[in-house]
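Step one of this worksheet: look at the structure below.
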Amino acid sequence: MRRPIVAGNWKMNGTQSEAAALIEGIRSGLADVKNAEVVVCPPFTLISLVAAALDGSGISYGAQNLNVYDAGAYTGEVSGPMLRDLGCTYVIVGHSERRALYGESDDVVAEKFRAAQQHGLVPILCVGETLEQRVDNDTETVIARQLDAVVDTVGIEAFGQAVIAYEPVWAIGTGMTATPEQAQAVHQFIRDKLAALDGAIADGLRLQYGGSVKGANAQGLFGQPDIDGGLIGGASLHAEEFLNVCRAG
Ligand code: PGA
């Protein structure tokens with residue numbers, strides 16, 4: 001059985017006091033989150049504070065990005081060893097905002113995936129199509145290309161220590177969630193594609209859905225056979241809303 005995983009992607013949001021209040025709010029409602037593994041991914045500046053605030057809670061934490069290199073003259077960047085040093089378990093790689101706004105290619109994303117695992121971090125690999133690509137019936141081609149780049153770089157075995165988040169770009173931050181059936185179809189495509197390479201790894205791999213998930217729609221999505229929790233943006237910034245999503249896991 002795959003344990004659902006609900007991860008909050010805070011994006012570029014939060015001061016220290018806001019983060020402290022958010023973690024306190026999440027902790028106070030955790031008792032009735034029965035099933036899901038709960039993860040928060042704050043901005044780099046808040047990781048230490050969040051780590052301390054989460055102590056003993058059972059909630060994991062991670063980062064939203066990493067550099068492919070370990071150290072050196074890369075002004076403004078943060079590396080895998082630094083995240084490991086902060087006790088991160090997870091790191092998001094290939095989020096569509098990084099692909100679109102910072103020019104991260106499939107190959108760069110694959111190298112980030114590799115760098116994460118080299119330092120004992122579990123990558124949450126984001127894949128997803130734009131609205132134009134969906135309208136053109138290119139969803140599966142796009143997702144296959146995004147997955148192949150990583151599989152070709154690290155091999156299928158590496159997916160034994162990874163999470164994949166399917167995030168249709170048109171659903172991120174728009175309020176336009178994919179229907180449970182639309183999401184399930186792509187999740188099944190991803191799992192089948194990886195199962196062709198290694199059935200056991202595909203079967204154990206947790207596939208999150210992301211894109212305008214909130215308390216009101218989480219249950220329908222997470223109830224699908226190939227959806228194992230979610231990657232949550234906007235709703236993860238509000239303790240009660242995030243908890244409602246976690247409770248649906
Ligand atoms: P959203 O973001 O929940 O605000 O749509 C999801 C994400 O970008 O991971």
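Computed from the coordinates by the stated procedures, all read-outs in this text should not be read as laboratory data. None of the values given here were measured: they were computed from a predicted structure. Heads up, the Cβs are rebuilt from the backbone with ideal geometry, glycines too, and the neighbour counts pull from every protein chain shown.
Rounded to the nearest 20, the Cβ-based charge dipole of the chain about its Cα centre (Lys and Arg +1, Asp and Glu -1) stands at 540 debye. For the range 97-215, a crude dipole built from +1 on the beta carbon of Lys and Arg and -1 on the beta carbon of Asp and Glu, taken about the Cα centre, is about 420 debye to the nearest 20.
The residue among 22, 44, 76 whose Cα reaches farthest toward the positive pole of the charge dipole of the chain, with charges on the beta-carbon of Lys, Arg, Asp and Glu, is 22.
For the chain, the residue among 190, 212, 56 whose Cα projects farthest onto the positive side of the dipole built from Cβ charges is 56. Amide H contacts under 5 Å for residue 5: 37, 229, 230, restricted to partners 5 or more places along the chain or on a different chain, H placed in the peptide plane at 1.01 Å from N. Placing +1 on the Cβ of every Lys and Arg and -1 on the Cβ of every Asp and Glu, with nothing else charged, gives the range 9-64 a dipole about its Cα centre of roughly 100 debye.
The orientation-averaged projected area of the convex hull spanned by the Cα atoms of the range 9-64 comes to 3.5 nm². With a Cα cut-off of under 23 Å and a minimum spacing of 8 residues unless on different chains, the lysine pairs in the chain number 4.
With R₀ fixed at 41 Å, the C-beta to C-beta distance from residue 48 to residue 137 puts the FRET efficiency at about 0.35. Using the alpha-carbon positions of the chain, Rg (one decimal) and Dmax (whole number) come out as 16.8, 48 Å.
Helix-derived [θ] at 222 nm for the chain: sum -39500 (n - 2.57) over DSSP H runs of at least 4, divide by residue count, nearest 500? Value at 222 nm, helices only: -12000 deg cm²/dmol.
Segment residue 152..residue 34, full-extension length gain: 38.8 nm, with 0.36 nm per residue of separation and the alpha-carbon distance subtracted. The Rg/Rh ratio of the range 107-249, with Rg taken over Cα atoms and Rh as the Kirkwood radius over Cα pairs, comes to 0.96.
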